[in-house]
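The values are calculated or read from the model by the stated rules, or taken from the named source; none is laboratory data. Because the structure is a prediction, the values reported are computed rather than measured. In this analysis, Cβ positions are derived from the backbone assuming ideal geometry, glycine residues included, and neighbour counts consider all displayed protein chains.
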Amino acid sequence: MFDVLIIGGGVSGMSCSLVLGSAKNKPFVANKKIGIFTHQKTSSLQEALFKNAYGIPPGKLGSDLLHESITHLSETYPHIVQIPSEKVLKIEGICPEFTVITNKTSYKTRIIVVGIGSANTFAIEGLMEYVEPHQKSLPEKQRIQLKNIDHKVAEGIHVIGTLAGWRSQLAIAAGSGAAVATDILTLWNDGIQTHAHDSIR
Ligand SMILES: Cc1cc2nc3c(=O)[nH]c(=O)nc-3n(C[C@H](O)[C@H](O)[C@H](O)COP(=O)(O)OP(=O)(O)OC[C@H]3O[C@@H](n4cnc5c(N)ncnc54)[C@H](O)[C@@H]3O)c2cc1C
């Protein structure tokens, strides 16, 4: 049983998992099992070139970021379970026990975070009732988002990145994933506000 499963190994999903991973020494995180589906085939990063993203050297290829983020997560936070090459097809159940069904197997989790981009090919059974037209992209692009209030779709289900209705910029997607990570940390801390910082002191 996972405490949280993040769906999507692009910008928002990896950002969410890094922040959750970095909180490992907090007592309320110590016993939590965190996983991420690191499917990357359809990431917007595949064809992107970055010159305007904070903290990223200009000229960086999105395809390099995809590989590097996997290494970053596995080397810095090896306790986060990475599930590669599986596509999520269906979600069943209600909070606090969901079943996430992939093209290979299934997993149980208490919380789901969905960050799979805003393409209208979205087809995860069990989430279709939340799909609506994207509110911040051109109508002719026919992008979609999941209905949400401050990233929360329903009890135990959060959405991040462009699928949450944000405009398509790397920094926004990363911030959205990080924001939900801190929402989950706050939930695990019995509702007391928290975040995850490292320091040289
Ligand atoms: C060509 C191009 C150029 C760009 N240039 C810039 C730029 O210069 N500056 C900038 O700031 N932004 C740029 N962007 C935008 C930026 O890349 C996106 O805003 C960002 O990647 C969105 O992050 P995300 O997490 O929402 O989605 P993504 O990064 O697309 O991640 C979604 C992930 O979900 C996975 N996935 C999909 N379906 C499933 C499923 N069923 N099960 C499991 N996993 C699944 C995908 O494989 C992917 O890894 C560019 C985008 C493109 C396409």
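Here are a few things to note about the model shown:
Rundown of residues vs (1) surrounded by 12 or more Cβ atoms within 10 Å (Cβ to Cβ); (2) under 24 Å from Thr38 (Cβ atoms); (3) over 15 Å from the mean Cα position of the chain (by Cα), yes/no style:
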residue: Glu129; (1), (2), (3): no, no, yes
residue: Leu138; (1), (2), (3): no, no, yes
residue: Gln145; (1), (2), (3): yes, yes, no
residue: Leu187; (1), (2), (3): yes, yes, yes
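- Only one of Ile70, Ile56 that is under 16 Å from the mean Cα position of the chain (by Cα), of a type outside the set (D, E, K, R) and at pLDDT 95 or above: Ile70
- Annotation note: of Ala178, Ala174, Ala123, Ala196, the sole residue that is under 23 Å from Thr99 (Cβ atoms) and small (Gly, Ala, Ser) is Ala123.
- Entirely in segment 24-114, the strands (runs of 3 or more DSSP E) that have 2 or more residues that are within 15 Å of the ligand (Cβ to nearest atom) and buried (at least 19 other Cβ atoms within 10 Å of the Cβ): 34-37, 88-94, 97-102, 106-114
- Evaluation of Ile172 against the conditions (1) within 20 Å of Gly9 (Cα to Cα); (2) touching a residue at least 24 places away in the same chain (Cβ under 8 Å) shows that the sole unmet condition is (2).
- Being farther than 22 Å from Met14 by Cα and out of contact with any strand residue (DSSP E or B) (no Cβ under 9 Å at 6 or more places or on another chain) holds for only one residue in Glu92, Glu132, Glu97, Glu140, and it is Glu140.
- Taken over segment 115-140, the criterion of being out of contact with any helix residue (DSSP H, G or I) (no Cβ under 9 Å at 6 or more places or on another chain), more than 10 Å from the ligand (Cβ to nearest atom), farther than 15 Å from Val159 by Cα and not charged (D, E, K, R) is satisfied by Leu138, Pro139.
- Per the conditions (1) touching a residue at least 40 places away in the same chain (Cβ under 8 Å); (2) part of a helix (DSSP H, G or I); (3) more than 15 Å from Ile184 (Cβ to Cβ); (4) small (Gly, Ala, Ser), the sole criterion not satisfied by Gly13 is (3).
- Selected residue (criterion: nearest to His197 (Cα to Cα)) from residues of segment 2-23 that are more than 9 Å from the ligand (Cβ to nearest atom) and hydroxyl-bearing (Ser, Thr, Tyr): Ser22
- A count restricted to segment 167-201 and to residues that are within 26 Å of Gly156 (Cβ to Cβ) and either part of a helix (DSSP H, G or I) or touching an Asp or Glu at 6+ places or on another chain (Cβ under 9 Å) (or both) stands at 17.
- Across segment 155-172, the qualifying residues are those that are near the ligand (Cβ under 8 Å from one of its atoms) and among the β-branched types (Val, Ile, Thr), and the one among them that is farthest from Gly59 (Cα to Cα) is Ile160.
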